[in-house]
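S.K.: There's a structure below that I have some questions on.
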Ligand SMILES: *Cc1c(COP(=O)(O)O)cnc(C)c1O
């Protein structure tokens with residue numbers, strides 16, 4: 001599958017005094033379900049699982065996790081069995097994300113928060129599956145294979161002429177891939193969607209080919225923390241859609257574009273900066289919002 005077939009680069013119409021250009025790499029268009037960066041992060045894990053002749057993929061995530069639904073759909077496309085270990089008690093009504101994961105054939109197991117934290121596989125799973133048939137993908141796809149897939153984000157489109165690349169940052173896997181794949185002198189900026197998650201810098205460094213690579217993390221736009229939001233964010237996302245016809249999600253890319261606009265307004269970028277913003281997908285997360293919040 002050519003992951004870039006459906007993606008494209010949109011130039012934003014902004015009226016900026018410093019002749020800045022802003023392009024958005026639309027990875028949200030790559031695939032309707034396995035959208036954005038998740039398909040890239042999963043690619044080498046699934047390749048390795050196939051090489052090792054593993055039949056069952058086990059991975060971890062929360063009830064609204066883009067990684068969970070992406071894993072379910074990707075496994076289903078590749079004819080592999082998938083098991084999702086979900087943080088917390090089983091809810092009476094499944095979230096949209098989990099219902100879609102189940103529709104894609106994923107078997108769901110709910111794990112209390114403490115066991116989840118320690119990533120202990122439930123006994124039921126250990127009894128059900130042979131140890132040597134299972135392949136475990138870490139939560140959020142964090143790890144060298146995930147990073148390697150994220151490198152490919154910059155590999156195929158012509159991105160070397162950008163001076164700045166900006167992306168949302170959760171586990172930091174994608175950012176590590178972008179840093180590794182960046183052209184010399186390119187500035188990579190990560191907008192953390194977790195509150196004061198300063199340890200992500202070390203997580204990112206652990207995945208870098210050159211540990212002294214430069215990159216910037218911005219912790220000013222988490223809107224209170226992971227999946228937290230407020231009215232200001234929704235107003236911005238709607239406005240951004242009206243202006244640019246680009247939908248965003250409230251967990252990652254809404255915060256990214258909000259940050260980008262503020263940084264532009266605060267003259268953060270130098271004269272003639274050529275900025276590439278990565279639209280990393282995640283639009284399915286908006287299904288968990290009440291109707292009417294977003295106009296797209
Ligand atoms: C998972 C995700 C991210 C964060 O990627 P990390 O590699 O975990 O930092 C960013 N944007 C979207 C839409 C995502 O789903």
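S.K.: Is the shape of segment 167-246 best called rounded, prolate or oblate, per the rule: a/c under 1.5 gives rounded, else a/b larger than b/c gives prolate, else oblate, with a ≥ b ≥ c the square roots of the Cα gyration tensor eigenvalues?
M.R.: Oblate, since a/c reaches 1.5 and b/c is not below a/b.
S.K.: With the cut-off at 13 Å, report for segment 122-186 the share of all Cα pairs above it, as a whole percent.
M.R.: When every Cα pair of segment 122-186 is considered, 68 percent fall beyond 13 Å.
S.K.: Which order do 173, 21 fall in if you start with the one that has the fewest other Cβ atoms within 10 Å?
M.R.: The most exposed by this proxy come first: 21, 173.
S.K.: Give me the extension gain from residue 123 to residue 239: residue separation times 0.36 nm, minus the current Cα-Cα distance, reported in nm with one decimal.
M.R.: Answer, rounded to one decimal: 36.9 nm.
S.K.: Sticking with this one: For the chain, just run the numbers: alpha carbon Rg, then divide by 2.2 N^0.38 Å, N being how many residues it has.
M.R.: Normalised Rg, Cα atoms only: 0.99.
S.K.: Would you mind estimating how fast segment 1-122 diffuses translationally, via Stokes-Einstein at 37 °C and 0.692 mPa s with the Kirkwood radius over Cα pairs, in µm²/s?
M.R.: 204
S.K.: Next question, about the same structure. Quote the convex hull volume per residue of segment 47-178, based on C-alpha atoms, as a whole number of Å³.
M.R.: That works out to 125 Å³ per residue.
S.K.: If we sort 27-37, 281-291, 210-220, 247-257 on the protection proxy, mean other Cβ atoms within 10 Å, highest first, what's the order?
M.R.: For the peptides 27-37, 281-291, 210-220, 247-257, the packing ranking is 247-257, 27-37, 281-291, 210-220.
S.K.: While we're on this one: How do 139, 133 line up, fewest other C-beta atoms within 10 Å first?
M.R.: With the fewest neighbours first, 139, 133 line up as 133, 139.
S.K.: Taking the number of other C-beta atoms within 10 Å as the exposure measure, put 75, 169 in order starting with the fewest.
M.R.: Fewest to most other Cβ atoms nearby, the residues stand as 75, 169.
S.K.: May I pose another question? If you take every DSSP beta bridge whose two residues both sit in the chain, what share of them, in percent to the nearest 5, is antiparallel?
M.R.: Around 10 percent antiparallel, to the nearest 5.
S.K.: Continuing with the same structure: Residue 11 to residue 114: extension gain in nm, 0.36 nm per residue of separation minus the Cα-Cα distance?
M.R.: Here the answer is 32.6 nm.
S.K.: Show me 55-66, 187-198 ranked by packing, highest mean number of other Cβ atoms within 10 Å first.
M.R.: Going from most to least packed, we get 55-66, 187-198.
S.K.: To check my understanding: the extent here is largest minus smallest coordinate of the Cα atoms along each principal axis. What are those three numbers for segment 214-296, in Å, largest first?
M.R.: Answer, in whole Å and largest first: 41, 26, 21 Å.
Read the figures in this text as sums done on the coordinates, not as results from a lab. Model, not experiment: these values are computed from the prediction. Note that each Cβ is placed from the backbone with ideal geometry, even for glycine, and that neighbours are counted across all protein chains shown.
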